[in-house]
Each structure stands twice: as C-alpha cells, then as structure tokens.
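Q: The following block contains the structure, expressed as structure tokens.
The values are calculated or read from the model by the stated rules, or taken from the named source; none is laboratory data. Predicted model, so just to flag it, every value in this text is computed and none were measured. Every residue, glycine among them, receives a Cβ derived from its backbone with ideal geometry; neighbour counts consider all protein chains shown.
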Amino acid sequence: MLRIAIIGCGKIADSHAAQIGRIKGCQIVGVCDREPLMAEQLAKRFPVEQAFSNVGELLDVAKPDVVHVTTPPQTHFDLAKTCLDRNCHVYVEKPFTVWAAEARKLIDIAKEKELKLTVGHDDQFSHVARRLRSMVREGFLGGAPVHMESHYCYEIGDTGYAGALLGDKRHWVRRLPGKLLQNIISHGVARIAEFVSGDSPDVMAYGYTSPALQVLGETEIIDELRVFIHDANRTTAYFTFSSQMRPGLHEFRLYGPKNGLLLSQDQETLIKLRGARYKSYAEKFVPPIVVAGQYIHNVATNVRTFLRNDFHMKSGMKFLMESFYRSITEGTSEAIPYREILLTARIMEEIFCQLEKQRAGATDEFGLAAGIESRK
Amino acid sequence: MDYAHAESTQSLASSDGDYIVGKGEPVLVTGAGGFIGFRVVERLLELGFQRVRCFVRSSRGRSRLEELARTCGNDSRIQIVTGNLLSPQDCMDATRDIKILFHLAAGRGEKSFPDAFLNSVVATRNVLEAAATIKCLKRFINVSSFTVYSNARKGRGRLLDESCPIEQFPALRGEAYCFAKAEQEQMVMEYGRRHGIPFTIVRPGQVYGPGNEGITGRVGIGTFGIFLHLGGSNTLPLTYVDNCADAIILIGLKQGTDGHIFNVVDDNLPTSRAFLRLYKRNVGKFPSIYIPHWASYALCYAWEKYSECSQEQLPSAFNRRRWNSYWKRMNFSNKKLKQYVGWTPRVRTEEGLRRFFESCRARRGSA
C-alpha cells in the first residue's frame with residue numbers, strides 16, 4: 001500500500017484527493033497546510049485521519065512514500081526538495097517550479113537519490129491526449145512533426161479565482177515572475193515540449209494586457225500571449241494564450257509531413273487531418289463527410305467511456321498518478337520524461353523574460369529585465 | 001399579484017432608544033461593497049451613525065462606497081478600508097476600537113469547497129481572533145444563510161424557524177456555500193463560548209433586489225438548456241435587500257439579541273409558481289418545464305446514487321439533502337425577528353418584486 005500525503009489544501013488538492021481515492025493500492029495518510037483549518041477541512045471531507053500544519057511533522061508522523069505538492073508555485077521548489085531530502089517521491093502540481101534552474105536541481109536530486117518526480121501536466125493524459133500520442137507513435141504523421149499549434153485560453157470572469165486576482169493587488173499570483181500566465185500556461189506549453197527536439201529551442205514571445213482588463217484598471221496582468229517556437233530540426237510551433245478570444249480553445253494541432261491531428265481538450269475529440277487531397281470537386285464534398293464521420297465516432301467513444309464510468313473531468317490526472325505510482329512500485333519509466341519537464345520550464349522562463357524585457361523597454365530599457373535575469 | 005406602490009414609511013431611526021451603542025461610536029461592516037453590505041452601510045448612514053468603517057477587498061467595492069460617501073456630502077462618516085480578511089494584520093487594523101461588527105463578507109458564488117471555506121471560515125476566524133482582542137466589542141453579528149438548514153426530518157409544509165436543525169454533514173450537500181456557512185456558524189459559536197465574544201447569527205432567506213438579478217435556485221435551474229421549474233407551489237423565503245439590511249442592523253443594535261439566531265424573510269411571500277409567472281410577464285418569456293416534486297425528488301435520488309457508484313463521474317450536485325433544503329415545501333416565519341427587534345419589512349413584497357423585475361429588464365437590455 002502506497003502511503004500518500006498532500007501538502008497544500010486549496011482548490012486543486014480536492015482533485016488530487018478525489019483521484020487518489022479512485023486508485024487501488026494507495027491511501028492518503030496525511031494532509032498539510034500552513035493554515036490548520038484548511039488542512040482540517042480537507043481531512044474532514046475525504047476523509048483523512050491526520051491533518052498537519054507543519055511539513056516536518058507530516059513527514060515524521062505520517063511517514064508518506066509519496067508527497068503531492070499542491071501549494072502556490074513559489075513554494076514548490078523548497079517543499080519538493082524537503083520531501084526528496086526525506087526520501088519521498090514527489091508529484092508537484094504545475095507549474096513545476098518558478099525557475100528552470102530549480103527544476104534542474106530537483107531532477108538532479110531525484111536522480112541521485114533514485115526517487116521519482118513528476119509534474120501535474122495531467123491534460124496530456126486525458127483519453128483523447130493518449131489517443132493522439134498513440135497515433136503519433138504508430139507513425140500517422142508520416143515522420144517528425146513539422147509544425148504545432150497549441151491554444152490554451154482562459155476566460156477571466158469577475159468571480160472566483162480571476163475575481164480574487166483582479167481585486168487583490170497583493171494576490172500571490174501577482175508575485176510570480178510570469179504572473180497569471182505562469183500559473184496557467186503550463187498545460188499548453190507542455191504539449192509543444194513533448195514534440196520539440198533538442199533542449200533549447202528558440203522562443204519569441206509577445207504579450208500584452210487586453211483592453212478588457214485595461215478598462216478595469218489592470219496594468220500588471222498580461223492576459224494575451226502569442227509565442228513562436230522552433231527547434232534545431234526546424235520543427236515550429238505557435239502557442240496562443242488568450243482571455244478574450246471566443247471560443248476559448250484548449251486545442252492542439254500537430255502537423256507531420258503526411259498527415260495532421262487536431263485535438264480538442266474541451267470536447268475530447270481527435271480528428272485525423274488527411275494530408276492527401278481528393279481530385280477536383282471531390283475535395284469539396286468528401287472530406288467534410290469523412291470529418292463528420294470522425295466526429296460521430298468521437299461521440300460514440302466518449303459515450304462508451306462515460307458508460308464505463310471512466311470519463312471523469314480529471315481522468316487524465318488519475319492516469320498520470322497511476323503511471324507515476326507504477327514508476328515507483330514497478331520501476332517503470334518516468335510518467336513524464338524529465339526532459340519534457342525541463343523543456344517546459346525553460347520555454348516558460350524564456351517567455352516571461354522576454355515579456356519582462358518588453359515591459360521594461362517602455363520605461364527602462366534594461367533595468368527590470370536585468371532584475372529578472374539576476375533572480376534566475 | 002398586482003403591484004402596489006405603497007412603501008412603508010417605517011423608519012429605523014424612530015426606535016433607537018434601546019440601541020446598545022451610540023451613533024457616534026465606531027461600527028465595522030465587512031463585505032461592505034457587496035450586495036447586502038452596501039445597503040447596510042447606506043442604512044447606518046441614514047440612521048445617523050457617524051463612524052462607519054467599511055471593509056472591502058476589491059477596488060470595485062471601494063469605488064462604490066466612495067461614490068456613496070460623495071453623495072452623502074460628508075466623507076468623514078465613512079472610513080473605507082481596503083484589505084483582505086485572510087490577513088490577520090488587516091483584520092486587526094480594521095477592528096481597532098470597534099463596538100459593533102457586522103460580518104457580511106463571505107465566499108458567495110464559489111463552487112470550490114476550499115475556496116468557499118477559505119473566504120468564509122478562515123476569514124471569519126481571522127476576524128474573530130481580532131475581535132477577541134477588542135475588549136470594547138459589544139456585538140459580533142454573523143450573517144449566515146438559510147442554506148444551513150436541513151429539512152430532512154421535517155414533514156412537507158411544516159414551519160421552518162430558528163429552532164430547526166442545521167445540516168449535520170454539510171459537505172454531503174454537494175454545495176460549497178452550505179458547507180462554508182455551516183462551518184462558519186460553528187466557528188462563531190465556538191469563539192463566543194471560548195472568548196466570550198457576544199454574538200448574534202442572522203440567517204436571511206433568499207435575498208433579492210437590484211444588483212442580484214438571477215432567479216433563485218429555489219424556483220428552478222437552467223443547467224440543462226431548458227429551465228426546469230422545481231419549486232411549484234412552494235413558498236419562496238424571499239427577503240428584499242433593503243428589508244434584510246434593516247433586519248441585520250436592528251439585530252446588531254437592539255438589546256437582548258446576544259446568543260440568538262434570527263431568520264429573515266419578508267411578509268406576503270409569493271409561491272415559486274407566482275414568482276416565475278411574474279418574472280416571465282415583467283422581464284421576458286422563456287420556456288420552462290414544471291417538474292413535480294415527486295419527480296424532482298426521484299431525479300435527485302437517482303443522481304445521488306449514480307454519483308456514488310460512478311465515483312463522482314457526475315459530481316453530487318443534485319441529491320436528497322439539496323432537495324430537502326431547496327425544493328421541499330416549507331412555511332417560513334419572521335415572528336422571532338418581529339418580536340425581538342420590532343422589525344417590519346420597509347419594502348412590501350409587491351414593491352420589492354417590481355424593483356427587482358425592473359432591474360432584471362434593465363440588465364437584460366444592456367446585455
């Protein structure tokens with residue numbers, strides 16, 4: 001029986017506790033939050049026997065094998081390092097760390113101590129994302145990816161998380177180098193990182209505060225981002241984050257030399273984009289019918305999965321957790337390759353550095369950017 | 001139901017002889033920029049209170065109050081404090097020298113249990129911690145909600161009053177707000193016992209009025225693309241926002257309310273069916289289907305069981321606890337409120353509904 005602990009009892013911890021509860025062979029032995037009431041409320045609802053407000057005490061008393069870190073990103077590095085130092089395997093919620101150097105350090109510690117580490121990029125393990133991965137492995141693209149487009153949108157309303165963030169100038173998200181973007185874009189960037197070769201692709205980022213937010217007096221939060229990425233093999237990618245475009249997509253397009261794939265996370269559909277063209281007018285009539293058939297097939301697949309009771313909103317998280325736990329108990333490979341975790345961290349850091357430089361450029365050509373460079 | 005434009009001229013100021021504080025003493029309103037909190041501030045100013053400290057979290061709440069201060073022509077009576085109740089220091093600063101504390105800040109609209117809990121319970125604990133250090137505090141008024149009641153063991157059509165039991169396992173309702181409010185009440189009572197903080201709990205029914213334009217879930221839900229009318233002939237426990245604010249103020253100011261719980265509902269309450277008919281007539285038509293009570297109960301039961309056996313593939317948003325709380329036919333009483341503090345609804349239900357529908361129409365027009 002794997003003994004699991006959760007550090008950080010906010011919103012995402014609920015999802016972790018619920019999915020852990022669905023996995024056989026593991027048990028939550030303790031939850032911890034520096035606010036004791038938050039730890040108690042999670043323990044009360046799931047239920048968990050022990051609630052702590054001190055990490056050391058959690059590790060000493062509950063003696064977990066695995067720790068899930070679900071705190072704000074600023075604390076990820078220190079907490080994950082503490083847990084690794086105490087010989088626990090660690091699942092860190094996204095974003096993995098604030099800086100890429102911290103990500104590198106955690107991975108080095110895990111390797112040295114032969115412990116397992118993963119990050120909560122659970123969207124990559126939804127049913128539809130797994131189907132996409134499987135088709136790529138089977139060679140559907142006809143070679144290495146040529147181009148990718150990843151859309152990851154976020155609708156900013158006036159309630160809940162966004163409302164709290166916009167209304168509170170001291171909100172912890174504002175203290176992140178990449179602010180709102182840093183807390184959200186990991187899923188969309190990680191999709192690209194999975195198919196980019198090499199360790200240091202070129203990144204060009206452009207971001208701004210949308211007029212909708214400017215009207216509310218917001219000047220700090222960048223909620224519109226466009227990124228161009230290309231690697232040494234000339235595989236290219238566009239990444240789009242938007243709070244304003246509608247529909248607010250969570251979509252990934254992957255094009256190879258022969259065919260392409262279109263994944264919609266919102267609808268859990270995967271569409272095969274045929275590379276070859278039909279002749280003459282057939283191109284106008286046949287492909288829409290074929291695509292319509294594919295959508296019907298996707299609906300049937302989703303209904304079957306639902307009827308099997310395996311279509312939970314966080315089914316990707318469960319799959320990722322199971323893979324992670326298997327890598328611990330059976331010694332299988334990492335649930336998410338460390339290269340991908342690092343690459344995602346590097347791309348994100350580069351994006352935020354460039355945005356900071358753009359912002360600084362308006363008033364102080366290098367001052368602020370130099371500040372962010374020195375903190376890395 | 002026809003509209004009558006007669007508004008009661010009853011004034012809170014006419015009955016201030018037995019207030020526990022003078023009008024020159026400082027009072028604090030948390031959530032002062034909110035739907036009810038703002039009206040509480042307005043009424044306190046109308047009553048002549050000279051030192052109304054308003055705690056707000058967002059700049060939007062602040063600008064609303066600043067506008068109010070300008071229109072009052074006397075900025076010095078309102079002190080606006082922007083902060084976060086999750087910060088103990090902000091709570092300490094806000095509560096300094098306070099005689100009466102109207103605690104209205106809450107995590108309304110939160111669907112996530114931790115967020116609702118954080119913004120209601122943890123925030124309240126911080127306010128209570130700060131309140132415990134003020135030796136001059138005369139009353140802590142905790143504004144809760146009808147949502148905490150469990151009607152599971154009451155027969156249909158029975159009276160729901162302050163003596164009714166509250167939800168024993170609020171987390172199982174599948175409603176973050178209920179969980180947070182029930183836990184918040186427990187917290188207030190515990191601090192009352194442990195630190196001797198004089199407290200009163202106010203449980204408003206469904207507060208309506210301009211600024212809160214939605215149709216209450218007690219009437220029905222539009223989740224599935226068409227409006228399902230679930231309330232039927234049930235009486236709606238409505239209270240117009242101004243009436244609710246009056247009740248909160250009177251409960252806070254009058255002698256003899258310490259340790260008590262008060263429900264707040266207006267007189268002449270409409271049924272769910274009458275409300276929906278008036279809404280369609282005055283705001284706009286939309287299709288709705290009436291689901292009889294036996295059918296809505298069966299649906300809630302089936303949903304609950306499916307949620308359990310599918311390991312919450314569908315979250316337990318509909319269940320028997322929720323049905324009992326929202327859609328079981330009950331009668332409501334404001335007898336205790338009238339007896340203890342002499343409250344009467346200033347705005348009659350007909351007039352309240354007229355203003356509400358007018359606001360809904362305006363909102364719909366601007367959308």
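Q: Has the range B:128-137 got at least one residue that is closer than 30 Å to A:Ala17 by Cβ and either in contact (Cβ under 8 Å) with a residue 40 or more places away in the chain or in contact with a Gly (Cβ under 9 Å, 6 or more places away or on another chain) (or both)?
A: Yes, because at least one residue in the range B:128-137 is closer than 30 Å to A:Ala17 by Cβ and either in contact (Cβ under 8 Å) with a residue 40 or more places away in the chain or in contact with a Gly (Cβ under 9 Å, 6 or more places away or on another chain) (or both).
Q: Name the single residue that is surrounded by the most Cβ atoms within 10 Å (Cβ to Cβ) among those in the range A:100-127 being in contact with a strand residue (DSSP E or B) (Cβ under 8 Å, 6 or more places away or on another chain) and of a type in the set (A, V, I, L, M).
A: Here the residue is A:Val119.
Q: Quick check: is even one residue across the range A:27-40 in contact (Cβ under 8 Å) with a residue 40 or more places away in the chain and either within 23 Å of B:Thr124 (Cβ to Cβ) or more than 8 Å from every other protein chain (Cβ to nearest Cβ) (or both)?
A: First, pick out the residues of the range A:27-40 that are in contact (Cβ under 8 Å) with a residue 40 or more places away in the chain: none.
No, there is no match, as no residue in the range A:27-40 is in contact (Cβ under 8 Å) with a residue 40 or more places away in the chain and either within 23 Å of B:Thr124 (Cβ to Cβ) or more than 8 Å from every other protein chain (Cβ to nearest Cβ) (or both).
Q: Turning to a different aspect of this structure: Say we look at the range B:41-84 and pick out the residues that are closer than 24 Å to B:Leu128 by Cα and out of contact with any helix residue (DSSP H, G or I) (no Cβ under 9 Å at 6 or more places or on another chain); which of these is modelled with the lowest pLDDT?
A: Only one residue tops the list, namely B:Arg62.
Q: Counting just the residues of the range B:161-210 that are of a type in the set (Asp, Glu) and under 30 Å from B:Arg346 (Cβ atoms), which one comes out surrounded by the most Cβ atoms within 10 Å (Cβ to Cβ)?
A: B:Glu185
Q: Taking the range A:212-224 as the search range and keeping residues that are more than 14 Å from every other protein chain (Cβ to nearest Cβ) and touching a residue at least 24 places away in the same chain (Cβ under 8 Å), which one is surrounded by the fewest Cβ atoms within 10 Å (Cβ to Cβ)?
A: Only one residue fits best here, namely A:Ala212.
Q: Okay, moving on. Let me confirm something: among A:Gly316, A:Gly331, A:Gly367, which residue is at negative phi and either modelled with pLDDT under 95 or surrounded by fewer than 18 Cβ atoms within 10 Å (Cβ to Cβ) (or both)? Give the derivation first.
A: On the way: A:Gly316 fails: either modelled with pLDDT under 95 or surrounded by fewer than 18 Cβ atoms within 10 Å (Cβ to Cβ) (or both); A:Gly331 fails: at negative phi.
Just one listed residue meets the conditions, A:Gly367.
Q: Just give me the residues in the range A:1-26 being within 9 Å of another protein chain (Cβ to nearest Cβ) and either touching an Asp or Glu at 6+ places or on another chain (Cβ under 7 Å) or on the phi > 0 side of the Ramachandran plot (or both), in sequence order.
A: A:Cys9, A:Lys11, A:Ile12, A:Ala18, listed by residue number.
Q: Consider only pairs whose beta carbons are under 8 Å apart and that are at least six residues apart or on different chains; among these, list those whose first residue lies in the range B:303-318 and is farther than 20 Å from A:His16 by Cβ and whose second residue is part of a helix (DSSP H, G or I).
A: As it stands, the answer is B:Glu304/B:Arg320; B:Ala317/B:Trp303; B:Phe318/B:Leu299; B:Phe318/B:Cys300; B:Phe318/B:Trp303; B:Phe318/B:Glu304, since those pairs meet every condition given.
Q: For the range A:345-361, enumerate the residues that are modelled with pLDDT under 95 and within 29 Å of A:Ile107 (Cα to Cα).
A: Correct list: A:Glu356, A:Lys357.
Q: Across the range B:161-201, what is the total count of residues that are outside any loop (DSSP other than H, G, I, E, B), out of contact with any strand residue (DSSP E or B) (no Cβ under 9 Å at 6 or more places or on another chain), more than 14 Å from every other protein chain (Cβ to nearest Cβ) and without any contact (Cβ under 8 Å) to a residue 40 or more places away in the chain?
A: Count: 2.
Q: If you don't mind, another one. Looking only at the range B:33-47, which residues are closer than 16 Å to B:Val81 by Cβ and under 13 Å from the mean Cα position of the chain (by Cα)?
A: B:Gly34, B:Gly37, B:Phe38, B:Val40
Q: If only one of A:Val227, A:Val203, A:Val196 is in contact with an Asp or Glu (Cβ under 7 Å, 6 or more places away or on another chain), buried (at least 19 other Cβ atoms within 10 Å of the Cβ) and within 17 Å of A:Gln358 (Cβ to Cβ), which one is it?
A: A:Val203
Q: Kindly evaluate A:Gly142 against the criterion of being away from chain B (no Cβ under 14 Å), at pLDDT 95 or above and part of a loop (DSSP other than H, G, I, E, B).
A: yes
Q: Could you run through the range B:275-307 and say how many residues are assigned to a helix (DSSP H, G or I) and surrounded by fewer than 16 Cβ atoms within 10 Å (Cβ to Cβ)?
A: 12
Q: Taking the condition within 14 Å of chain B (Cβ to nearest Cβ) and closer than 15 Å to A:Glu93 by Cα, does A:Ser53 pass?
A: Answer is no for this residue.
Q: Working only within the range B:85-119, note down all residues that are at pLDDT 95 or above and polar (S, T, N, Q).
A: Listed by number, the residues that qualify are B:Gln89, B:Thr95.
Q: Also: Looking at (1) part of a helix (DSSP H, G or I); (2) surrounded by 22 or more Cβ atoms within 10 Å (Cβ to Cβ), find the lone condition where A:Arg130 falls short.
A: (2)
Q: When you go through B:Gly214, B:Gly157 one by one, which is the residue that is touching a Lys or Arg at 6+ places or on another chain (Cβ under 9 Å) and assigned to a loop (DSSP other than H, G, I, E, B)?
A: Selected residue: B:Gly157, the only one of B:Gly214, B:Gly157 that is touching a Lys or Arg at 6+ places or on another chain (Cβ under 9 Å) and assigned to a loop (DSSP other than H, G, I, E, B).
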